[in-house]
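Here is the structure we will look at, set down as structure tokens.
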Amino acid sequence: MTDPLYSEPTISSAMNLIAEEKQGNVSYMFQNVGWTYYVQANAVWDTIDLPNNIEWRVVLSDNTNFDPHGNNKPTIEDLKAFVEKAYIYAQTQTKEEALRAFNDPNGEFIDGELYIFAYDMNGTTLALPYQQSLVGTNRWYGEDIIGVRPLQRFIDKAKFGGGFVYYQYPNPNDKFLPELKLSYVMSVDEDWLIGAGIYPGTMSLNYSWEERNQLITQVRGLQYLSTILPEEEILQMINDPESTIQIDGLYPFALNPNGTVLCSAYNSSQNGKNLLGYTNSYDMSPVREIISLGESGGGLMYSLVWDAALDKEVYVLIYVEPADEETYYGSVMRLE
């Protein structure tokens with residue numbers, strides 16, 4: 001109840017009534033799905049009696065809210081322009097004034113699905129207008145449902161001039177289910193960054209937790225082999241579809257810090273080529289991001305890459321670990 005989101009008087013009154021009475025019904029005002037204004041919500045509740053005189057109130061709330069922006073979803077261009085507008089504002093105001101504006105849920109930096117968030121370069125939350133209870137908390141190690149760490153990707157991207165980052169985040173327009181989100185981030189200065197995000201409406205990601213774990217296990221196996229075998233033998237194993245390291249649906253690769261593909265089971269035509277300059281349709285450089293992730297110790301990331309077999313870009317999950325300062329081992333798993 002200390003969260004500003006629940007400070008509306010009728011919400012507080014409804015929660016107190018539910019706590020006091022064992023059953024009943026109540027109406028209150030709450031934000032609509034698009035977070036643009038308050039609408040009436042209705043709820044009924046009953047009580048479950050548990051041992052040791054413990055009572056649980058079980059509340060069912062309706063979902064009659066609608067998103068007035070539902071037929072006018074922001075585009076990639078809208079997202080980028082929204083963040084650039086906030087960047088200009090942050091450059092012309094003091095940091096305190098800018099963060100006050102970014103944290104205002106009724107301010108000019110709220111536009112339907114779009115809102116500005118801000119973090120310092122250590123991962124501490126500076127602005128999050130709909131979750132202001134998180135301001136001041138550090139989210140450096142926060143992970144999405146599959147293990148990608150969005151804050152670390154934000155900071156890395158901001159330090160390299162800004163750009164787009166993929167991660168999964170609960171979508172309030174779809175029952176708060178995790179969905180792939182695309183954010184655009186920029187550094188205001190060397191101390192903090194801003195950004196905003198949209199749900200691009202991608203198809204459901206196709207993966208299992210077992211496949212995700214196999215992806216990590218495969219790369220860690222390569223990393224271990226690098227301590228006992230010459231690199232050339234490992235590259236031969238990656239290139240050999242019958243080798244013991246291969247797992248159905250996973251595509252191991254090796255990359256050096258200059259962006260040259262040493263070998264790739266995903267697309268062998270890339271072997272020996274430098275792909276540092278390759279970018280996808282969102283101007284994201286998957287190879288540059290893989291290198292950055294490897295330099296920081298490794299981890300998971302999403303990307304959109306060209307699939308020659310399907311003749312289109314596809315969403316993938318990538319796990320990478322450094323073998324040493326000269327080689328990064330990773331693997332790719334298609335998500336669609």
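What the table below lists for this structure:
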read-out	value
So Leu60, is it in contact (Cβ under 8 Å) with a residue 40 or more places away in the chain, aliphatic (A, V, I, L, M), out of contact with any Cys (no Cβ under 6 Å at 6 or more places or on another chain) and outside any loop (DSSP other than H, G, I, E, B)	no
Qualifying positions in the range 121-160 - among the polar types (S, T, N, Q), outside any loop (DSSP other than H, G, I, E, B) and out of contact with any Ser or Thr (no Cβ under 6 Å at 6 or more places or on another chain)	Thr124, Gln132, Ser133, Gln152
Any hit, the range 190-201, residues being touching a residue at least 12 places away in the same chain (Cβ under 8 Å) and over 29 Å from Val83 (Cβ atoms)	no
Selected residue (criterion: most open to solvent (accessible area, probe 1.4 Å)) from residues of the range 235-259 that are among the β-branched types (Val, Ile, Thr) and out of contact with any Phe, Trp or Tyr (no Cβ under 8 Å at 6 or more places or on another chain)	Thr244
Total residues in the range 295-321, condition farther than 23 Å from Lys181 by Cα and free of Cβ contacts under 8 Å to residues at least 40 places away in the same chain	5
Residue check, Gly123 of a type outside the set (Asp, Glu), out of contact with any Pro (no Cβ under 9 Å at 6 or more places or on another chain) and either farther than 21 Å from Gly161 by Cα or surrounded by fewer than 19 Cβ atoms within 10 Å (Cβ to Cβ) (or both)	yes
Options Leu222, Leu262: the member that is buried (at least 19 other Cβ atoms within 10 Å of the Cβ), assigned to a helix (DSSP H, G or I) and not β-branched (Val, Ile, Thr)	Leu222
Identity of the residue in the range 302-336, in contact with a Lys or Arg (Cβ under 9 Å, 6 or more places away or on another chain) and among the β-branched types (Val, Ile, Thr), that ends up surrounded by the most Cβ atoms within 10 Å (Cβ to Cβ)	Val316
Considering residues of the range 266-321 that are over 20 Å from the mean Cα position of the chain (by Cα) and of a type in the set (Ser, Thr, Tyr) only, the residue farthest from Gly249 (Cα to Cα)	Tyr278
Residue in the range 161-182 that is surrounded by fewer than 17 Cβ atoms within 10 Å (Cβ to Cβ), of a type in the set (S, T, N, Q) and part of a helix (DSSP H, G or I) present	no
Within the range 77-120, considering residues that are in a strand (DSSP E or B) and of a type in the set (D, E, K, R), the one nearest to Ile194 (Cα to Cα)	Asp120
Any chance Gly298 is open to solvent by less than 30 Å² (accessible area, probe 1.4 Å) and either more than 22 Å from Tyr207 (Cβ to Cβ) or at pLDDT 95 or above (or both)	yes
Subset of the range 84-112 (residues that are of a type outside the set (S, T, N, Q) and touching a strand residue (DSSP E or B) at 6+ places or on another chain (Cβ under 6 Å))	Ala86, Tyr87, Leu99, Phe102
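The values are calculated or read from the model by the stated rules, or taken from the named source; none is laboratory data. If you're wondering where the values come from, they're calculated on a predicted model, not measured in any experiment. FYI the Cβ positions are ideal-geometry reconstructions off the backbone, even for glycines, and counts take in every protein chain you see. These area figures cover heavy atoms from the full protein model, side chains too; ligands, DNA and RNA do not enter into them. Shrake-Rupley method; radii C 1.70, N 1.55, O 1.52, S 1.80 Å.
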